[in-house]
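Every read-out reported here was derived from the displayed coordinates using simple, explicitly stated rules and does not represent laboratory data. Keep in mind that what you see is a predicted model, and the values were worked out from it rather than measured. Positions of Cβ are backbone-derived with ideal geometry, glycine not excepted, and every protein chain shown enters the neighbour counts.
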């Protein structure tokens, strides 16, 4: 068993914004205030201690204990929930949608990063306690984003007409209809100790719980409860009441859109992609039947595509009476999380951190401490057999991440017994035409255009010859090319990062609990490198 790594820029899968963030570029200084180094956390602890409303802790612990009341939990998780009562306890948070059977593999990486950072903080700052939290995105409502997972290159999809209507939050959805997915999954995963464990996880999570929130909590607890992970759903009225003043600010002044605009403009000026464009009001109205956005027309507030409406006084009264009915969208959810939790750091993927970087001015305007942001760990999992194939094919780890046509072209050029690089011939041709340009300038400058056209034509001809020769060699070296493509397709399904495509069950079936143990052992949240983790003896 071994672990290697390459730098994030060498993977070719991360955006310029995230690469510059990892390099702590000065250009991002006005968007962000404290990069996630272990020595910086004491300042974050002090800042959060001064600003956090400790009266929230009582409701937080009460709600969490209720949410866990029907679930068998570890001593570590029970202890961590109790620790949240203390003003010396802080959280490290990751958030994720309620993807069916966890969705892509990186769900595990987010939680492992969160658990491991909490442990590192405790070792560095023993006077405080640190609780890893998985914030379930129970109020999302895009069913099509979460209703499937991929196993062995096949898509296992939860088809249900009622859910495709997607009217309300996904956390409220019934697990009805998942029996069919379970049958298909069971047939695909087959037999064996680890396969039986996976089937038991799925059955107990989705066939023995009525709603998606409860099913997801059970599954995440089954995978990570022994590590002390605390899993929370934040839709309870007792929690939402602590966010009421910020809900009112949004309704009356559109504060999230207004305050984030400067950061959005800065990102655009720096040629970074803007991840989220805010609406005038970034709130939804949520009940058992609907989750629809709130809009304002003239002096009244409306729920989009419904008959529901309020005056200013009426909607403020509704916030006071039923704060749980006001659901923050992607622009406001980070603020809600940081109001509610004594949080120090948010751990997320590149897209998540990109939209968090739009929000610091908004946090400042709302007098809420902005958290440190940390890119979750990323990894490629491979077997010793696959690593052996890579070595025999003489593919470096860096080359493994190339686009497939680039990788194959490079390897064909390298292993071919003839030279398929016409660079010298092209350089010689350019030198010859340079003499013709000089001659034209001395005789007839109108001749320069004809010289240029002929140069372009002949260089293009050399390119065509080079490509034809390369194609011919690919055919000649067909077996080698097919082995290269097959290995890369195994490790990069759909020509994408494995972690963004494949479900954890594919690897758990092979390695069982060792999968989680190795991830906890190998993924250092403060090591900004992409890991390649090899299972089995080389």
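Compute the length gained on full extension between residue 62 and residue 142: take 0.36 nm times their separation in residues and subtract their Cα-Cα distance, giving the result in nm to one decimal. All intermediate terms of the calculation are to be shown ahead of the outcome.
Numbers: separation 80, 0.36 × 80 = 28.80 nm, distance 2.95 nm.
Separation in residues times 0.36 nm, less the Cα-Cα distance, equals 25.9 nm.
How far, in degrees from 0 to 90, does helix 212-224 lean away from the longest principal axis of the Cα atoms of the chain, to the nearest 10? Once rounded, one gets 70 degrees. Once you keep just the Cα pairs under 8 angstrom separated by 6 or more residues, what percentage relative contact order results for the stretch 182-287? The normalised contact order for the stretch 182-287 reaches 16 percent.
Let me know the shape class of the stretch 124-259, please: from the alpha-carbon gyration tensor, a ≥ b ≥ c as square roots of the eigenvalues, rounded when a/c is under 1.5, otherwise prolate if a/b is greater than b/c, or oblate. Note, shape of the stretch 124-259 comes out oblate. DSSP bridge analysis restricted to the chain gives an antiparallel fraction near 50%, rounded to the nearest 5. What label, among (i) 24; (ii) 42; (iii) 9, belongs to percent of Cα pairs over 46 Å apart computed from the structure on display? Correct label is (i). Between residue 511 and residue 478, the modelled label-to-label distance comes to 3.6 nm, taking each label 7 Å out from Cα in the direction of the beta carbon.
Rounded to the nearest 10 degrees, the angle from helix 178-189 to the longest Cα principal axis of the chain is 40 degrees. Between helix 423-443 and the chain there is an angle of about 70 degrees, using the helix long axis and the longest principal axis of the Cα atoms. Placing R0 at 30 angstrom, the Cβ-Cβ distance between residue 183 and residue 485 gives a FRET efficiency of 0.35 after rounding to 0.05.
Note down the relative contact order for the stretch 308-424 as a percent, whole number, built from C-alpha pairs under 8 angstrom at least six residues apart. Kindly include the intermediate steps, with their values, before the conclusion.
Values: 49 pairs, mean separation 21.5, N = 117.
Normalised by residue count, the contact order of the stretch 308-424 is 18 percent.
Mean separation of Cα pairs under 8 Å and 6 or more residues apart, divided by the residue count, gives the chain a relative contact order of 25 percent. Using the rule -39500 (n - 2.57) for each DSSP H run of four or more residues, divided by the residues of the chain, the 222 nm mean residue ellipticity is -15000 deg cm²/dmol. In this rough spin-label picture, where each label sits 7 Å from Cα along the Cβ direction, the residue 88-residue 385 distance is 5.2 nm. Model label points for residue 394 and residue 458, set 7 angstrom from Cα along the Cα-to-Cβ axis, are 3.4 nm apart.
Compared with the direct C-alpha span, the chain from residue 537 to residue 71 gains 164.0 nm at full extension, assuming 0.36 nm per residue.
Straightening the chain between residue 253 and residue 436 buys 58.9 nm, computed as 0.36 nm per residue apart minus the Cα-Cα spacing.
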